[in-house]
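Encoded as structure tokens, the structure appears first; notes follow it.
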Amino acid sequence: MKLQGKVAIVTGAASGFGRGIAERFALEGASVVAADLNGEGVRAFASGFGDKVIPVQGDVSQKVDVDAMVRAATEAFGGLDIVVNNAGVTHRNQPLLEVGEAEFDRIYAVNVKSIYLSTIAAVPKMEKRGGGIIINIASTAGVRPRPGLTWYNGSKGAVITLTKSMAAELAPKNIRVNAINPVMGETGMLTQFMGLPDTPENRAKFLATIPLGRMSRPHDIANAAMFLADPASSFITGVALEVDGGRCI
């Protein structure tokens, strides 16, 4: 098992990409703190893995909650090696002038501030282990933005820039930082991204922009995260890996 002996935190682990990543890491031998605002959902997920997965309910935009996630990892498993900043939110696909200030603030708190908070909390723990891995789930929206998602697009552009800057600054500490850019996925946020009802006809409009002809799925993102967490990728840092079926070509 490729992650035997490693300790990981995965945020947004109750569903979608986060659940897929947390499950894959656990199956590869990692001890996992599965964190999510949806406490019931993350507890239900963790219940299938015994003491290998610990559920933590928390808001990634709140320092006290992020600190609790890191503390749970170190107290239960003795340290921290991997952090996957997956939790994210969006606004409904709509004209940029119609997005309210509170919604804008929430998007940047969850998608961007959370990375600041987790980095501040996790890096000292990783240093004690001689290094670590941070994986930020960004989006093709930060590279090939779609109209109607302007403020969300900007938050994911920030994630990509942060990833590259963090990689350069944390490399001397042997901490690798990479991002994954999924294309629109079959997750709970799909209707918001489309701004339309989830019908075959509406899906077809978006699928037409993806050369491989389908949306991303949790296992696609889990496979990419596994690659970036695997010791075999130990010379890869500062990369924003597009997992997009060719959308960004």
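Please pick out the residue among G41, G18 that is within 26 Å of A109 (Cβ to Cβ), buried (at least 22 other Cβ atoms within 10 Å of the Cβ) and at pLDDT 95 or above.
On the way: G41 fails: buried (at least 22 other Cβ atoms within 10 Å of the Cβ).
Just a single option satisfies the conditions, and that option is G18.
Counting just the residues of segment 77-103 that are within 22 Å of the chain's Cα centre (by Cα) and of a type in the set (A, V, I, L, M, F, W, C), which one comes out nearest to F193 (Cα to Cα)? So that I can check it myself, show each step before the final result.
Of segment 77-103, the ones within 22 Å of the chain's Cα centre (by Cα) are 77, 79-93, 103.
With of a type in the set (A, V, I, L, M, F, W, C) added as a condition, the list becomes 77, 80, 82-84, 87, 89.
Working: F77: 37, L80: 33, I82: 29, V83: 26, V84: 22, A87: 16, V89: 10 Å.
This residue is V89.
Checking the structure you have, find out if any residue of segment 130-138 is surrounded by fewer than 21 Cβ atoms within 10 Å (Cβ to Cβ) and more than 24 Å from V99 (Cα to Cα). Spell out the reasoning first.
Looking only at segment 130-138, we keep the residues that are surrounded by fewer than 21 Cβ atoms within 10 Å (Cβ to Cβ), and these are 130-131.
With the extra rule that they be more than 24 Å from V99 (Cα to Cα), the set shrinks to 130-131.
Checked against the condition, which is being surrounded by fewer than 21 Cβ atoms within 10 Å (Cβ to Cβ) and more than 24 Å from V99 (Cα to Cα), segment 130-138 yields at least one hit.
Select, from Y108, Y116, the only residue that is buried (at least 17 other Cβ atoms within 10 Å of the Cβ), of a type in the set (F, W, Y) and modelled with pLDDT of 95 or more. Talk me through it step by step, then tell me what you get.
Numbers: Y116 fails: buried (at least 17 other Cβ atoms within 10 Å of the Cβ).
Residue meeting the stated conditions: Y108.
Of these, A102, A34, which one is under 20 Å from A229 (Cβ atoms) and either modelled with pLDDT of 95 or more or assigned to a loop (DSSP other than H, G, I, E, B) (or both)? Lay out the reasoning, then the answer.
On the way: A102 fails: under 20 Å from A229 (Cβ atoms).
Unique residue meeting the criteria: A34.
Could you tell me whether any residue of segment 66-75 is assigned to a helix (DSSP H, G or I), in contact with a Gly (Cβ under 8 Å, 6 or more places away or on another chain) and surrounded by fewer than 23 Cβ atoms within 10 Å (Cβ to Cβ)? Walk me through it before giving the result.
Going residue by residue through segment 66-75, those that are assigned to a helix (DSSP H, G or I) are 66-75.
If we keep only those that are in contact with a Gly (Cβ under 8 Å, 6 or more places away or on another chain) too, we end up with 66, 68-69, 73.
The next check asks that each one be surrounded by fewer than 23 Cβ atoms within 10 Å (Cβ to Cβ); those that pass are 68.
Yes, segment 66-75 contains at least one residue that is assigned to a helix (DSSP H, G or I), in contact with a Gly (Cβ under 8 Å, 6 or more places away or on another chain) and surrounded by fewer than 23 Cβ atoms within 10 Å (Cβ to Cβ).
Would you list the helices (runs of 4 or more DSSP H) that sit entirely within segment 146-238 and hold 1 or more residues that are surrounded by fewer than 17 Cβ atoms within 10 Å (Cβ to Cβ) and within 21 Å of the chain's Cα centre (by Cα)? Before the answer, list the steps.
On the way: elements: 150-170, 190-194, 200-207, 218-229.
In segment 146-238, the matching helices (runs of 4 or more DSSP H) lie at 150-170, 190-194, 218-229.
Of G195, G213, G148, G131, which residue is in contact with a Leu (Cβ under 7 Å, 6 or more places away or on another chain) and on the phi > 0 side of the Ramachandran plot?
Testing whether each residue is in contact with a Leu (Cβ under 7 Å, 6 or more places away or on another chain) and on the phi > 0 side of the Ramachandran plot leaves just G213.
Over 20 Å from A8 (Cβ atoms), hydrophobic (A, V, I, L, M, F, W, C) and modelled with pLDDT under 90, is that true of F193?
Details: over 20 Å from A8 (Cβ atoms): yes; hydrophobic (A, V, I, L, M, F, W, C): yes; modelled with pLDDT under 90: yes.
Yes.
The values are calculated or read from the model by the stated rules, or taken from the named source; none is laboratory data. Note that the structure is a prediction, hence the values are computed from the model and not measured. When we count neighbours, we look across all protein chains shown, and the Cβ atoms used for this are built from the backbone with ideal geometry, even at glycine.
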